[in-house]
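Participant: Structure incoming, see below.
The values are calculated or read from the model by the stated rules, or taken from the named source; none is laboratory data. These numbers come from a predicted model, not from an experiment. Here the Cβ positions follow ideal geometry from the backbone for every residue, glycine too, while neighbour counts run over all protein chains shown.
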Amino acid sequence: MVTIVFASNESFSTSLPGCKNTCGNVTIPFPFGISDSSIPNQGTCFLTPKFNLTCVNDTKLFWGESQVNNISILEGQMEVLFYISRFCYDGSNTPSLDTGSFRISNMKNKFVTVGCDTYGYLNSIFSGETYSTGCLTRCYGNLDGIENGTCSGIGCCQVDIPRMMKNISIEVSEFPNSTEEYSGCSYSFIVKDGFYNFSLADLYNFTSEEVPLILDWSVGWENCTVSKACMNNSNCHDEDIDFGGYRCECKEGYTGNPYHPDGCKDINECKTNNHTCISEEHCRNTDGHHECFCPDGQSGNGTKTGGCSKRDLITKVAIGSSAGLIVLFVAISSLYLTYQKRKLIKLKQKFFQQNGGSILLQQLSTREETSQSAQIFTEEELKKATKNYDESLIIGRGGFGTVFKGILPDNKIVAVKKSKVIDTNQIEQFINEVVVLSQINHRNVVKLLGCCLETEVPSLVYEFVSNGTLFDFIQSTKDKANNPTWKTRLRIAAETAGALSYLHSAASIPIIHRDVKSTNILLDDNYTAKVSDFGASRLVPLDQTEIATVVQGTLGYLDPEYMQTHQLTEKSDVYSFGVVLAELLTGDKPLSFNRPEESISLAMHFLSCLKQDKIFEAIQVGILSDDNKKDIKEVAILAARCLRLRSDERPTMKEVAMELDGIRLTERHPWNDTDQNFEENQRLLHEASSSIYNEIGDDSSNFGYTNVYDSLKDQPLIALDDGR
C-alpha cells in the first residue's frame, strides 16, 4: 500500500506582489509562479516560462501534467507525482514525462520494479540519444521466502538513478513463457528515496496509480559568471549542477528567498537565540552578523565561553593608561618612520647629486634618444633584480667592488657591479665614461647598460656574459692532452685586439682601457671575447696622445715605461695585450713565483725563451702541432713586438688586430706557406727576441725590467678588479 506524504514548505518562500502565494497546501515561491488572467494589471508571476505553474480549483498545483507536492528553494528541488508503469495479462502502459530543462534527481530517487519474472526499463532521451537502465526480479515460485520491507531482487528490485536523466519513459514487462503461477501484475516506477516500502501484498494488489519523485531545477542556462537572478545578500553556485544553469542561496547571517527582488533579509540572531552571547541582553545585532558585549563596569567579551566580570577603578585606569601609551607609541613610531623615510629620500637625492646625477641627466638630454642611451636605475630596481644583493648571486669580486647576477623586470639578465670606492674629484670624468661607454656598440666589448647614483658609491649595470673569463679558460685547459684550442685562442686574441683597436681609434672619444688582462676578457657560450671592466679606463681628448696619472693596473701586465714616467698612452694597452698573448701561447700566469727570480714575470720568461730559441718548449702542452707551428711563431713575434720596453717601438692596436686577422686568414687559406716565408719567420723571430732581450741587459739608466720591477716597491700602485 502506498501512502503519499507531503513535505513541509519553507515558511520564508514568497511570491511576487499581486501573485498567488499558495495552491491547496503547497506554497509557491518565486521564481515559480501562477499567472491568473482574472486578476487585472497582474504582471508575470514567474521568472521564465519553465517556472510557470497551474492551480486547479485552488486545490491542486500542476507543473505541466504533473501534480506538484512541494517546491524547495534551499535545495533547488521540486516534488511531483508521476504514474506507475504496469504490465498485466490484459495489457500494459508506458508512462512518460517531459522534464524540459529539469532533471530527475539521481540523489533523491530510486528506480523500482515489483513482480515475479519481471524486468523494468527506465529510458531517457537526451541530445537525441536514448539511454536506459533497469533491473529484473524472479521468484521461481518461492513466494513464501519473500520478506516484507526488502527489495533485493526477489519479488522486488531497485537501482540508483544515473546522472543527467531527463525526458523519461518507464517500461515494464514479464519474461516470455513465465512459469509463475500467481496472477499478479508487474510494476516499474521512479520514487522518492525512502518513500516506498515493499510489501508481499503488492505482488497481488498494487493500488497506487502515482508515486512522488524529485526533480532538480536551476535558473538559466549559463553559469555564475553571468548570473542575473541572485538578488541582494545572496551567493550564486553552480558546482554540483551538471545540466546547466545555477542556483542562488542566502549568505550566512541572512534568510529569505534569494530570487525575490527584495533579496535576503538579515537574521536577528539575538531574537532567534541563534547567537553565542551570554544572553539576549548581551547581544547586539549587526547586518549579517551579531556581536557580544559586556555592560559598563564589567570586562570580558560577553560570549558564553568568555563571559563578563566586574572590573574595579584600578583596572579601568590601567587599561586607559595602557591604551594611551599604545596610542602614543603608535604616533611616535609613525612620526619616526615618516622622518626616516624623508631622511632616506633626501639622502638618495644627495648621493644622486654628489655622484653627478645632474651632469648625467644634462649629458643625456643633449643626445638624441636611442636604444644605446645609458639608463639610470633606482636603488630599489637593482635590489629587486639581485634579491637585495643575495650572496648566492655573486659572480665576481675585486678590489673596487662585487659583481652580482641580476634579473630585470623584462627578464633580461644583467651583471650589477656594486662598487666600494670612487674618487669624488673624478665624478665628471666618471659620468663622461658612463655616457661614452653606453654608446659603444661593439660585439667584443661588454655593453654598459646604465648606472645607479642613489647610493654613496655608484653601481654599474652591464650585459651578462655567461662563460667565465679568458684566464679561467686558459687554466682549465692547461693540463689537457692534445689540447684542440689553438684556433679558438687565436680567434679570441684577434677579437680582443679588434675591440681595443676600436676603443683607441674608432670610438667617438678615444679610450685607454688601462687594465687589459685575461681576467678582464669575458667569454660567452660561443667563446666570443668580450672586453670588460672599464673602471680604470681614461678618455683621451682628441688633441692629446698621453695622460699623466697615478699608476694603476695589475702586476705582470703593467707597461714598464708607464710605471717609470706615469705617462699613460695607448701603447700601455698594447704592452698589456702582449702579456695576454704570452698567456695564450704558454698557458702560464703573468706572475709565477715557481720560476727563477729573473723569470717571475711572464714577459721576462717569454722573452728569455725567445732569446734562447726555446719558444716551442714554452708553448702550452697540447697546442703545438705541425699544422699550426708557423702561426704560433708569427703570434710569438707579434707578442714580442708588443712587449718592447719603449712604447714608440711597439705596434698600435690597429696594427696588432690587422696582423692577427692576417694570421687567421693565412691559417684558413695556407697557400702562401712557402719555405721562403718559413725562413723569414725564423729570422724575424730570432731578431725580435735578440733585440728585445738585449734591452733587458742594459744598465739601470734604461727601462730595464729589473729596475722596473724593483721600482714597484716604491710605487703607489692601485690594484684593480677583474672582469667579474
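Participant: Identify, please: which residue in segment 135-150 is of a type in the set (Val, Ile, Thr) and not in a strand (DSSP E or B) and is, among those, nearest to Asn197 (Cα to Cα)?
Facilitator: Filtering segment 135-150 for residues of a type in the set (Val, Ile, Thr) gives 137, 146, 150.
Those still in the list that are not in a strand (DSSP E or B) too: 146, 150.
On the way: Ile146: 13, Thr150: 8 Å.
Ranking the qualifying residues of segment 135-150, first place goes to Thr150.
Participant: When you go through (1) exposed (fewer than 15 other Cβ atoms within 10 Å of the Cβ); (2) over 15 Å from Tyr187 (Cα atoms) one by one for Gly91, which number turns out not to apply?
Facilitator: Tallying (1) exposed (fewer than 15 other Cβ atoms within 10 Å of the Cβ); (2) over 15 Å from Tyr187 (Cα atoms), Gly91 fails exactly one: (2).
Participant: Report yes if Lys348 is modelled with pLDDT under 80 and either within 49 Å of the chain's Cα centre (by Cα) or surrounded by 12 or more Cβ atoms within 10 Å (Cβ to Cβ) (or both), otherwise no.
Facilitator: On the way: modelled with pLDDT under 80: yes; either within 49 Å of the chain's Cα centre (by Cα) or surrounded by 12 or more Cβ atoms within 10 Å (Cβ to Cβ) (or both): yes.
So Lys348 passes the test.
Rundown of residues vs (1) assigned to a loop (DSSP other than H, G, I, E, B); (2) buried (at least 22 other Cβ atoms within 10 Å of the Cβ); (3) not charged (D, E, K, R), yes/no style:
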{"position": "Thr554", "(1), (2), (3)": "yes, yes, yes"}
{"position": "Val579", "(1), (2), (3)": "no, yes, yes"}
{"position": "Ala582", "(1), (2), (3)": "no, yes, yes"}
{"position": "Leu610", "(1), (2), (3)": "no, yes, yes"}
{"position": "Gly622", "(1), (2), (3)": "yes, no, yes"}
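Participant: Another question, if that's okay. Hey, can you tell me all the residues within segment 296-315 that are exposed (fewer than 14 other Cβ atoms within 10 Å of the Cβ), at pLDDT below 85 and outside any strand (DSSP E or B)? Walk me through it before giving the result.
Facilitator: Step one: of segment 296-315, the residues exposed (fewer than 14 other Cβ atoms within 10 Å of the Cβ) are 296-297, 304-305, 309-310, 312-315.
Now restrict to residues that are at pLDDT below 85: 296-297, 309-310, 312-315.
Result: Asp296, Gly297, Asp312, Leu313, Ile314, Thr315.
Participant: Suppose we filter Asn93, Asn52 for residues that are without any contact (Cβ under 8 Å) to a residue 60 or more places away in the chain and under 20 Å from Lys228 (Cα atoms); which single one remains?
Facilitator: Numbers: Asn93 fails: under 20 Å from Lys228 (Cα atoms).
Only one candidate passes the filter, namely Asn52.
Participant: Would you confirm, using the coordinates I've provided, whether Gly398 is at pLDDT below 80, surrounded by 20 or more Cβ atoms within 10 Å (Cβ to Cβ) and either among the small types (Gly, Ala, Ser) or not assigned by TED's automatic domain parsing to the domain that holds Phe377 (or both)? Show your work before the answer.
Facilitator: Working: at pLDDT below 80: yes; surrounded by 20 or more Cβ atoms within 10 Å (Cβ to Cβ): yes; either among the small types (Gly, Ala, Ser) or not assigned by TED's automatic domain parsing to the domain that holds Phe377 (or both): yes.
Against the criterion (at pLDDT below 80, surrounded by 20 or more Cβ atoms within 10 Å (Cβ to Cβ) and either among the small types (Gly, Ala, Ser) or not assigned by TED's automatic domain parsing to the domain that holds Phe377 (or both)), Gly398 qualifies.
Participant: For segment 145-159, indicate whether the set of residues that are more than 18 Å from Phe206 (Cβ to Cβ), free of Cβ contacts under 8 Å to residues at least 60 places away in the same chain and acidic (Asp, Glu) is non-empty.
Facilitator: no
Let's see how each residue does on (1) of a type in the set (Lys, Arg); (2) at pLDDT 75 or above:
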position: Val414; (1), (2): no, yes
position: Lys418; (1), (2): yes, yes
position: His442; (1), (2): no, yes
position: Glu463; (1), (2): no, yes
position: Gly468; (1), (2): no, yes
position: Ala481; (1), (2): no, no
position: Pro484; (1), (2): no, no
position: Thr488; (1), (2): no, yes
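Participant: Looking at (1) of a type in the set (S, T, N, Q); (2) assigned to a loop (DSSP other than H, G, I, E, B); (3) surrounded by 16 or more Cβ atoms within 10 Å (Cβ to Cβ), which is the one condition that is false for Asn70?
Facilitator: The single condition Asn70 does not satisfy is (2).
Participant: Something else about it: Would you confirm whether any residue within segment 276-292 is among the polar types (S, T, N, Q) and either assigned by TED's automatic domain parsing to the domain that holds Ser127 or assigned to a strand (DSSP E or B) (or both)?
Facilitator: Residues of segment 276-292 among the polar types (S, T, N, Q): 276, 279, 285-286.
Adding the requirement that they be either assigned by TED's automatic domain parsing to the domain that holds Ser127 or assigned to a strand (DSSP E or B) (or both) leaves 285-286.
Yes, there is a match, as at least one residue in segment 276-292 is among the polar types (S, T, N, Q) and either assigned by TED's automatic domain parsing to the domain that holds Ser127 or assigned to a strand (DSSP E or B) (or both).
Participant: Does Thr59 qualify as being at pLDDT 90 or above and under 26 Å from Asn21 (Cα atoms)?
Facilitator: Working: at pLDDT 90 or above: yes; under 26 Å from Asn21 (Cα atoms): yes.
Against the criterion (at pLDDT 90 or above and under 26 Å from Asn21 (Cα atoms)), Thr59 qualifies.
Participant: Just for segment 586-608: of the residues that are in contact (Cβ under 8 Å) with a residue 60 or more places away in the chain and in a helix (DSSP H, G or I), which one is surrounded by the fewest Cβ atoms within 10 Å (Cβ to Cβ)?
Facilitator: Across segment 586-608, the extreme among qualifying residues is Glu598.
Participant: Let me ask something else. Does Ser592 satisfy being modelled with pLDDT under 90, in contact with a strand residue (DSSP E or B) (Cβ under 6 Å, 6 or more places away or on another chain) and under 24 Å from Gly396 (Cβ atoms)?
Facilitator: Values: modelled with pLDDT under 90: yes; in contact with a strand residue (DSSP E or B) (Cβ under 6 Å, 6 or more places away or on another chain): no; under 24 Å from Gly396 (Cβ atoms): yes.
It is false that Ser592 is modelled with pLDDT under 90, in contact with a strand residue (DSSP E or B) (Cβ under 6 Å, 6 or more places away or on another chain) and under 24 Å from Gly396 (Cβ atoms).
Participant: Further question on the same structure: Being under 18 Å from Ile84 (Cβ atoms) and over 52 Å from the mean Cα position of the chain (by Cα) is the filter here; which residues of segment 123-145 pass it?
Facilitator: Correct list: Gly134, Cys135, Leu136, Thr137.
Participant: Please go through (1) surrounded by fewer than 23 Cβ atoms within 10 Å (Cβ to Cβ); (2) within 36 Å of the chain's Cα centre (by Cα); (3) at pLDDT 85 or above; (4) not polar (S, T, N, Q) for Tyr502 and return the number of the only condition it doesn't satisfy.
Facilitator: Going through (1) surrounded by fewer than 23 Cβ atoms within 10 Å (Cβ to Cβ); (2) within 36 Å of the chain's Cα centre (by Cα); (3) at pLDDT 85 or above; (4) not polar (S, T, N, Q) one by one, Tyr502 breaks only (2).
Participant: Among the candidates Thr27, Thr59, single out the residue that is exposed (fewer than 14 other Cβ atoms within 10 Å of the Cβ) and of a type in the set (Ser, Thr, Tyr). Break it down into steps so the answer makes sense when it comes.
Facilitator: Numbers: Thr27 fails: exposed (fewer than 14 other Cβ atoms within 10 Å of the Cβ).
So the residue among Thr27, Thr59 that is exposed (fewer than 14 other Cβ atoms within 10 Å of the Cβ) and of a type in the set (Ser, Thr, Tyr) is Thr59.
Participant: Among residues belonging to segment 84-118 that are part of a strand (DSSP E or B) and hydrophobic (A, V, I, L, M, F, W, C), point out the one that is nearest to Ala201 (Cα to Cα). Write out each step before concluding.
Facilitator: Quick first cut of segment 84-118, residues part of a strand (DSSP E or B) only: 85-88, 91-92, 96-97, 103-104, 109-114, 118.
Okay, now just the ones that are also hydrophobic (A, V, I, L, M, F, W, C), so 87-88, 97, 104, 111-112, 114.
On the way: Phe87: 17, Cys88: 16, Leu97: 28, Ile104: 28, Phe111: 19, Val112: 16, Val114: 11 Å.
Per the stated criteria, the residue is Val114.
Participant: If we scan segment 103-112, do we find a residue that is more than 27 Å from Glu249 (Cβ to Cβ), of a type in the set (Val, Ile, Thr) and surrounded by fewer than 22 Cβ atoms within 10 Å (Cβ to Cβ)?
Facilitator: No, there is no match, as no residue in segment 103-112 is more than 27 Å from Glu249 (Cβ to Cβ), of a type in the set (Val, Ile, Thr) and surrounded by fewer than 22 Cβ atoms within 10 Å (Cβ to Cβ).
Participant: Can you tell which of Phe32, Phe111, Phe12 is modelled with pLDDT of 90 or more, more than 30 Å from Cys135 (Cβ to Cβ) and not acidic (Asp, Glu)?
Facilitator: Exactly one of Phe32, Phe111, Phe12 is modelled with pLDDT of 90 or more, more than 30 Å from Cys135 (Cβ to Cβ) and not acidic (Asp, Glu), namely Phe32.
Participant: Right, another one. Would you point out the residue of segment 599-624, among those that are hydrophobic (A, V, I, L, M, F, W, C) and in contact with a strand residue (DSSP E or B) (Cβ under 8 Å, 6 or more places away or on another chain), that is nearest to Lys487 (Cα to Cα)? Reasoning before the result, please.
Facilitator: Taking segment 599-624 and keeping what is hydrophobic (A, V, I, L, M, F, W, C), we get 600, 602-604, 606-607, 609-610, 615-616, 618-619, 621, 623-624.
Filter again for in contact with a strand residue (DSSP E or B) (Cβ under 8 Å, 6 or more places away or on another chain), leaving 600, 602.
On the way: Ile600: 28, Leu602: 22 Å.
Here the residue is Leu602.
Participant: Also, I was wondering about something else. Conditions: (1) touching a strand residue (DSSP E or B) at 6+ places or on another chain (Cβ under 6 Å); (2) assigned to a loop (DSSP other than H, G, I, E, B); (3) touching a residue at least 40 places away in the same chain (Cβ under 8 Å). Leu81 meets all but one. Number of the miss?
Facilitator: Failing condition for Leu81: (2).
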